[in-house]
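The values are calculated or read from the model by the stated rules, or taken from the named source; none is laboratory data. What you are looking at is a predicted structure, and each value in this text was computed from that prediction instead of being measured. Because the Cβ atoms are built from the backbone with ideal geometry, glycine has one as well, and the counts that use them run over all protein chains shown.
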Amino acid sequence: MKLTVYGGRRLFGEVTVDGAKNAALPLLAATVLTDDEVILENVPDVGDVRTMIALLESVGKRVSALDPGVYSIRTGRELVGIPPDSLVRKLRASFLLLGPLMVRLGYSQLPLPGGCPIGVRPVDLHLKGLRALGAQIESRGGFWCAAAGQLRSAEIHLDYPSVGATEQIMMTAALIPGRTVISNPAQDPEVHDLARLLIKMGAGIMIEPGRLHIEGAKTLSGTVHTVIPDRINAGTFLIAGAIAGGDVTVRRCQPLHLEALLSKLDELGLTVQEHVESVRVISDGPGSFAGGRVEARPYPGFPTDLQPQMMALLSVARGSSVIKETVWESRFAHAAELARMGAQIRLEGATAYLEGVRGLVGTQVCVNDVRAGAALTLAGLVADGATVIIDRDEHIRRGYRDLAGELHRLGAAIIEETLEEKEVVGTEAR
Ligand code: UD1
């Protein structure tokens, strides 16, 4: 797709956020742990979720849409443990099916997963966890093959609080009788949402600081569950209001999940008002807020998935800023594109140094990751003239149902079009 943004309009109004993509993906994967019907509500209509639904169908689940965002998922035919490569490669989170399929069927096989090109994406912690639970896992010709062997509960320490590895281990251990303990687990709200689903399905899960206890069950059953709000999309719209200037309220979000962002916006001098399920940001636009220091870290630290949007914001702050990325080592492709728009950014390893500029200049930029796409769109809101965002691989739609539409409803001048063949070819050379 191609977005054209004409900068200079302030944003006013309300946006309601959908369910979190990063919660919906593991929740969907967890449905293979039972043959019963699981009903998931508030499932966002984004590309990655559609891919995960297609993956579930490919291994034998029947997925029916009951209402917009509400899906009934149950086993439709005999389950199989080897989903098609073409689907798996589209989505990094497809790797979350390795353990659940193995624990249900005794075997599973997945090719190395795909996803956004934001850094080396190893799976060693997933494998370490599954092996500790008794799985035999080998890599054969670009595939990971898992066999159940003698499955047992275990104590597993994660060297790094990986979100995916924590979810993989939780789901697998939920079907292994006995108590599994993960120390140093990820503590993201999406991990806790998965814990809530697994508890409703019949597993025992207890969360304490630095440890997660999973009491596995012999079988798990169906239930109904509502996906938590998308904190990253909520944050994106708040940063949109902050950068463009205006008065934006994000509804149906959980302010508690956004603390790292909200306190940072407040520190920069923006007006932030928190309510029970909504947050309002009021801003005078570029130059009205100060620069600052942001370090992307595991939750409850500042989310890496808001780092690109924050870089767009800080590029038009008053004074200098420093952004350090500790989660994905090469998540800075958007810096080069922002620099093409006039941002003053210097990269040194995993740290970006910014000097705030008075304004950006519209030009053609390319997207290589969903959040970078959002960041460039936000930068376009304050750029002089037209910013043309070329998203050849539909990255933005992987995580946003209708980014352009929502910004347009808030008052942005933004047009979404399908990419023409010549534009696809024209940008490949870059
Ligand atoms: C999830 C999110 C993604 C977000 C990330 C960090 C989903 C679907 N995606 O991705 O949007 O950016 O959390 O908040 O929820 N790592 C290892 N070994 C492993 C696994 C991970 O070294 O086995 C490293 C990664 O290279 C990376 C870091 O851990 O440097 C974070 O990865 P992880 O927390 O696993 O992220 P994902 O679950 O892939």
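Every listed requirement among (1) within 19 Å of Gly60 (Cβ to Cβ); (2) away from the ligand (no atom under 16 Å from the Cβ); (3) out of contact with any Cys (no Cβ under 9 Å at 6 or more places or on another chain) is met by Arg179 save one, (1). State whether the residues of segment 365-377 include one that is of a type outside the set (S, T, N, Q), touching a residue at least 40 places away in the same chain (Cβ under 8 Å) and over 24 Å from Thr16 (Cα atoms). Yes, there is a match, as at least one residue in segment 365-377 is of a type outside the set (S, T, N, Q), touching a residue at least 40 places away in the same chain (Cβ under 8 Å) and over 24 Å from Thr16 (Cα atoms).
Being out of contact with any helix residue (DSSP H, G or I) (no Cβ under 6 Å at 6 or more places or on another chain) and of a type in the set (S, T, N, Q) is the filter here, so list the residues in segment 222-231 that pass it. Answer for segment 222-231, where residues must be out of contact with any helix residue (DSSP H, G or I) (no Cβ under 6 Å at 6 or more places or on another chain) and of a type in the set (S, T, N, Q): just Thr226.
Which of the residues belonging to segment 273-288 are farther than 23 Å from Ala383 by Cα, touching a residue at least 24 places away in the same chain (Cβ under 8 Å) and either surrounded by fewer than 22 Cβ atoms within 10 Å (Cβ to Cβ) or among the aromatic types (Phe, Trp, Tyr) (or both)? It would help to see each step written out before you state the result.
Filtering segment 273-288 for residues farther than 23 Å from Ala383 by Cα gives 273-280.
Narrowing further to those that are touching a residue at least 24 places away in the same chain (Cβ under 8 Å): 277-280.
Matches in segment 273-288: Glu277, Ser278, Arg280.
Within segment 77-86, identify whether any single residue is assigned by TED's automatic domain parsing to the domain that holds Tyr160 and either within 16 Å of the ligand (Cβ to nearest atom) or touching an Asp or Glu at 6+ places or on another chain (Cβ under 7 Å) (or both), and answer yes or no. Among the residues of segment 77-86, not one is assigned by TED's automatic domain parsing to the domain that holds Tyr160 and either within 16 Å of the ligand (Cβ to nearest atom) or touching an Asp or Glu at 6+ places or on another chain (Cβ under 7 Å) (or both), which makes the answer no.
Count of segment 143-172 residues, restricted to those that are under 22 Å from Ile199 (Cβ atoms) and within 16 Å of the ligand (Cβ to nearest atom), is 14. For Ser263, the test of being out of contact with any strand residue (DSSP E or B) (no Cβ under 7 Å at 6 or more places or on another chain), farther than 26 Å from Val367 by Cα, away from the ligand (no atom under 16 Å from the Cβ) and touching a residue at least 40 places away in the same chain (Cβ under 8 Å) is failed.
For segment 293-314, a residue qualifies if it is within 16 Å of the ligand (Cβ to nearest atom) and part of a strand (DSSP E or B), and the qualifying residues are Val294, Glu295, Ala296, Phe302.
Filtering segment 211-241 down to residues that are within 16 Å of the ligand (Cβ to nearest atom) and either of a type in the set (Val, Ile, Thr) or surrounded by fewer than 23 Cβ atoms within 10 Å (Cβ to Cβ) (or both), which residue is nearest to Pro303 (Cα to Cα)?
So the first thing to find is which residues in segment 211-241 are within 16 Å of the ligand (Cβ to nearest atom), and the list is 212, 227-236.
Still in the running and either of a type in the set (Val, Ile, Thr) or surrounded by fewer than 23 Cβ atoms within 10 Å (Cβ to Cβ) (or both): 227-228, 232, 236.
Working: Val227: 19, Ile228: 16, Ile232: 8, Thr236: 11 Å.
Across segment 211-241, the extreme among qualifying residues is Ile232.
In segment 105-123, how many residues are modelled with pLDDT of 90 or more and closer than 22 Å to Lys90 by Cβ?
Here is the first cut: in segment 105-123, the residues modelled with pLDDT of 90 or more are 105-110, 123.
Next, only the ones that are closer than 22 Å to Lys90 by Cβ stay: 108-110, 123.
Total meeting the criteria: 4.
If only residues of segment 45-73 that are of a type in the set (S, T, N, Q) and part of a helix (DSSP H, G or I) are counted, the one that is farthest from the ligand (Cβ to nearest atom) is Ser58.
Yes or no: Val276 of a type in the set (Val, Ile, Thr) and more than 17 Å from Ala20 (Cα to Cα)?
Working: of a type in the set (Val, Ile, Thr): yes; more than 17 Å from Ala20 (Cα to Cα): yes.
Spelling it out, Val276 is indeed of a type in the set (Val, Ile, Thr) and more than 17 Å from Ala20 (Cα to Cα).
Residue pairs whose Cβ atoms lie under 8 Å apart, sitting 6 or more positions apart in sequence or on different chains, and linking a residue in segment 81-102 that is touching a residue at least 12 places away in the same chain (Cβ under 8 Å) to a partner that is assigned to a loop (DSSP other than H, G, I, E, B) and of a type in the set (Ser, Thr, Tyr), do not occur here.
If you go through segment 35-64 and keep only what is without any contact (Cβ under 8 Å) to a residue 12 or more places away in the chain and either in contact with a Ser or Thr (Cβ under 8 Å, 6 or more places away or on another chain) or surrounded by 18 or more Cβ atoms within 10 Å (Cβ to Cβ) (or both), you end up with Val63, Ser64. The set of residues in segment 155-200 that are surrounded by fewer than 19 Cβ atoms within 10 Å (Cβ to Cβ), in a strand (DSSP E or B) and of a type outside the set (Ser, Thr, Tyr) comprises Glu155, His157, Gly178, Arg179, Val181.
Which of the residues spanning segment 335-367 are among the aliphatic types (A, V, I, L, M) and under 19 Å from Leu268 (Cα atoms)?
Ala343, Ile345, Ala352, Leu354, Val357
Within segment 80-99, the set of residues being crowded, with 16+ Cβ neighbours inside 10 Å and over 30 Å from Asn368 (Cβ atoms) comprises Gly81 only.
From the list Leu28, Leu96, Leu40, the lone residue that is part of a strand (DSSP E or B) and within 16 Å of the ligand (Cβ to nearest atom) is Leu40.
Limited to segment 126-142, what total is found for residues that are assigned to a strand (DSSP E or B) and either of a type in the set (S, T, N, Q) or within 14 Å of the ligand (Cβ to nearest atom) (or both)? Give the steps one after another, and end with the answer.
First pass over segment 126-142, keeping only residues assigned to a strand (DSSP E or B): 136-140.
After this cut, where a residue has to be either of a type in the set (S, T, N, Q) or within 14 Å of the ligand (Cβ to nearest atom) (or both) as well, the list is 136-137, 139.
Count: 3.
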